[in-house]
Amino acid sequence: MKYGFYTPNFDFFGDATVLAELAAEAEVAGWDGFFIWDHLQFIEPVADPWIALTAMALRTKSIRLGPLVTPVPRRHIGKLAREVLTLDRLSNGRLTLGVGAGYPHLPDYVSFGDSGDQRDRAARFDEALGLLDELCSGKPVQHNGAHYRVETGAFASGIQRPRVPIWVAATWPAKRPLVRAARWDGIVASGAYGLEVEPAAIAEIAAHVRRERPDEPVDILRFGRTENPSDTSVVGACAAAGATWWIEYAPPAGSSLAEVRSRIALGPPRI
């Protein structure tokens, strides 16, 4: 089991300098990863996640970093690939890319002209994942699909091989997102309109992965909140069910920066 800390990118987290400081503090406190939300607008101020991740990479040396999750259908695929490859090199191979189709019920998704149609987002997401894999392969890409048309020479590859790990969001108990996510490197498991899923659901997700990819490791993330490092009962149950990462999340409202700093400093709830 590995342990990550997870914050929004808005309100008192909406400052790239603050996020970089928190990532550095998390590294010192023994966390294995530090991850942030990706929203265009929510509670002002809002920090651009890629600028914030760049600042975080420059302040840290070993902790894993990334967005959880970036809504791929509303991003320019070429620019996203460039950001991923650049940050992978800058961080010396510490980037993990969390991706999802996005939540169109939130205002930042449709406010800028992006489609809120569920089927359209899912189709664009599936095509974009394959294309992103190609763009990060270090080979020329010719792609003529339903939603994307790309003809380009090879992008310079990043540090990690075969590419940056891709963790894909899957909202439990929907099956189609789980099938999609199990094809990649990790499953960002969450409940509908919330973060936490029960250990029994983690066990079902793990069983699906074993059936589909018995010889390949796939990370399974479980979000949760603990008061201190000794608060490990749910963490242990999730690990026993098959979770490989515990993602401790800071609430998006109702807390203070000082409280978040204090929880980070206490360290992860290792079992």
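Inter-label distance, THR17 to ASN92: 2.6 nm, where each label sits 7 Å from its Cα along the C-beta direction. Phi-derived couplings, Karplus 6.51 cos²θ - 1.76 cosθ + 1.60 at θ = phi - 60°, listed residue by residue for region 168-174: 10, 5, 9, 8, 6, x, 4 Hz, with x used for Gly and Pro. Among the GluC sites (Glu not before Pro) within region 202-271, those in coil by DSSP and having at most 10 neighbouring Cβ atoms inside 10 Å are GLU227. Between region 33-77 and region 92-156, the C-alpha centres lie 16 angstrom from each other. Per residue, the average separation of C-alpha pairs within less than 8 Å and at least 6 apart gives region 154-271 a relative contact order of 21 percent. Only Cα pairs under 8 Å and 6+ residues apart enter the sum, and on that basis the relative contact order of the chain stands at 20 percent. The LYS2 and GLU151 beta-carbon pair, evaluated with R₀ = 30 Å, returns a calculated FRET efficiency of approximately 0.15. Cβ-Cβ distance of SER255 and ARG82, R₀ of 51 Å, FRET efficiency by 1/(1 + (r/R0)^6): the value works out to about 0.90.
Per-residue ellipticity at 222 nm from helix content only, as computed over the chain with -39500 (n - 2.57) for each DSSP H run of at least four residues, stands at -11500 deg cm²/dmol. Restricting region 25-116 to trypsin sites (Lys or Arg not before Pro) that sit in a DSSP loop and have at most 11 other Cβ atoms within 10 Å of their own Cβ leaves LYS61. Summarising the label geometry, the points placed 7 Å from Cα in the beta-carbon direction at ALA174 and ALA192 lie 1.0 nm from one another. The dipole here belongs to the chain: it is taken about the Cα centre, uses +1 on the Cβ of Lys and Arg and -1 on the Cβ of Asp and Glu, and is about 720 debye. The lysines whose alpha-carbon is closer than 18 Å to the alpha-carbon of LYS139, local same-chain residues fewer than 8 away aside, are LYS79.
Looking at region 100-163, the chymotrypsin sites (Phe, Trp or Tyr not before Pro) that sit in a DSSP loop and have at most 10 other Cβ atoms within 10 Å of their own Cβ are PHE112.
Computed from phi, the 3J(HN,Hα) profile of region 227-240 under the Karplus parametrisation 6.51, -1.76, 1.60 (θ = phi - 60°) reads 7, 7, x, 8, 8, 10, 5, 5, 4, x, 5, 5, 5, 5 Hz, with x in place of Gly and Pro. Here is the tail figure for the chain: Cα pairs spaced more than 35 Å apart come to 11 percent of all pairs.
No value in this document is a laboratory result; all are computed from the given coordinates. Remember, predicted model here, so these are calculated numbers, not experimental data. Cβ: placed from backbone, ideal geometry, glycine included. Neighbour counts: every protein chain shown.
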